[in-house]
Amino acid sequence: MKYKGNSSKGIDFYYHLFNSKEFCIELGKFTLLSSKLEAELILYYKRNNVKDTLEKATLGKLISIGSKNNLFDKNLSLILNQFLIQRNELTHNIYSIFRNIKDNSILEKDNLLDSDVWTYTDFIYQVNENFNHISEIIKEK
C-alpha cells in the first residue's frame with residue numbers, strides 16, 4: 001500500500017493496519033511465535049520436573065510458575081515480563097487502543113501518520129525476532 005504521510009488517528013489508523021498485508025503477516029508470525037514461547041517454557045519446566053499444571057497455562061501463568069520455581073535469572077525474568085506486556089497489547093488490546101478504551105499503551109496512538117504503519121510493522125518484526133531468540137535460548141536450557 002502506498003502511504004502519503006497524511007495525519008491518521010484512532011480507528012482510521014487501525015484500518016490502515018488492518019489493510020496492510022505486511023503488518024498482518026508480522027502479526028500472524030507474532031501469534032505463532034507467542035505459541036512457540038509458551039510451548040518451550042512448558043517443555044523447559046517438564047525437563048526441570050515442575051509439578052504445576054502446565055498444559056492450559058497462559059503466558060502470564062507460565063512466567064509466574066518459572067519465577068516461583070526459581071528457573072529464571074533476573075534478566076530472563078525482566079525479558080519475559082516485557083514480552084507478556086507486548087503480547088497482551090498486540091493480541092488483546094490493539095483495537096481498544098485505537099477506540100480510546102485503553103489509555104496507557106506501549107504503542108503510540110497519537111500524532112500518527114498513515115505511513116506509521118511501517119513503524120508498527122517494524123516494531124512487530126523486532127518483537128518477533130526477540131520472541132524467537134528467547135524461545136531458542138529456553139529450548140537449549
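With springs only between Cα atoms under 10 Å apart, run a GNM on the chain and tell me which of N130, N48, N93 wobbles the most.
Ranking N130, N48, N93 by mean-square fluctuation puts N48 first.
Assigning unit charges at the beta carbon (Lys, Arg +1; Asp, Glu -1) and nothing else, what dipole magnitude in debye, to the nearest 20, does segment 1-56 show about its Cα centre? All intermediate terms of the calculation are to be shown ahead of the outcome.
Values: 10 positive and 7 negative charges, 20 e Å.
Result for segment 1-56 is approximately 100 debye, rounded to the nearest 20.
Would you list which aspartates and glutamates come within 20 Å of K46, measuring only between C-alpha atoms, while excluding same-chain residues fewer than 8 positions from it?
E38, E55, D73, E136, E140
Can you work out ³J(HN,Hα) from phi for every residue in segment 20-30, in order, using Karplus 6.51 cos²θ - 1.76 cosθ + 1.60 and θ = phi - 60°, giving whole Hz and x for Gly and Pro?
These are the phi-based 3J(HN,Hα) values: 8, 4, 5, 4, 5, 4, 5, 5, x, 4, 4 Hz.
Test of understanding: what is the full-extension gain from N93 to K139, defined as 0.36 nm times their sequence separation minus their Cα-Cα distance?
The N93-K139 span can extend by a further 13.7 nm.
Place the peptides 107-120, 49-62 in order of packing, highest mean first, counting for every residue the other Cβ atoms within 10 Å and averaging per peptide.
Ranked from most to least packed, the peptides come out as 107-120, 49-62.
Would you work out the charge dipole size for the chain about its Cα centre, treating the Cβ of every Lys and Arg as +1 and the Cβ of every Asp and Glu as -1, and quote it to the nearest 20 debye?
So the magnitude is around 480 debye.
How big is the dipole moment of segment 42-115 about its Cα centre under a simple scheme where the beta carbon of each Lys and Arg is +1, that of each Asp and Glu is -1, and everything else is neutral? Debye, nearest 20, please.
That gives a dipole near 500 debye.
Hey, rough spin-label estimate for R47 and S67, points 7 angstrom out along Cα→Cβ, what's it come to in nanometres?
So the label points at R47 and S67 sit 2.3 nm apart.
Quick check: pseudo-label points 7 Å beyond the Cα along Cα→Cβ at E55 and I25, how many nm apart are they?
With each label placed 7 Å out from Cα toward Cβ, I get 3.6 nm.
By how many degrees, between 0 and 90 and to the nearest 10, does the Cα long axis of helix 117-140 differ from the longest principal axis of the chain?
10 degrees
If each of N75 and D103 carries a label point 7 Å out from its Cα toward its Cβ, how far apart are those two points in nm?
In this crude spin-label approximation the distance works out to 3.7 nm.
Tell me which of I124, N88, L71 sits at the most positive position along the dipole axis of the chain, charges placed on C-beta atoms (Lys, Arg +1; Asp, Glu -1).
L71
Any chance you could list P(r) for the chain, counting all Cα-Cα pairs in 5 angstrom bins from zero, rounded to whole %?
Final binned percentages: 2, 9, 18, 20, 16, 12, 9, 7, 4, 2, 0, 0.
Give the long-range amide H neighbours of L113: residues separated by 5 or more places, or on another chain, with amide H under 5 Å away, using H modelled in the peptide plane at 1.01 Å from N.
S8
Would you work out which of F98, S7, L62 lies farthest towards the positive end of the dipole of the chain? Charges go on Cβ: Lys and Arg +1, Asp and Glu -1.
Projecting each Cα onto the dipole axis, the largest value belongs to L62.
Every read-out reported here was derived from the displayed coordinates using simple, explicitly stated rules and does not represent laboratory data. Every value quoted in this text rests on a predicted model; they were computed, and no experiment measured them. Ideal geometry is used to build each Cβ from the backbone, glycine not excepted, and the neighbour counts take in all protein chains shown.
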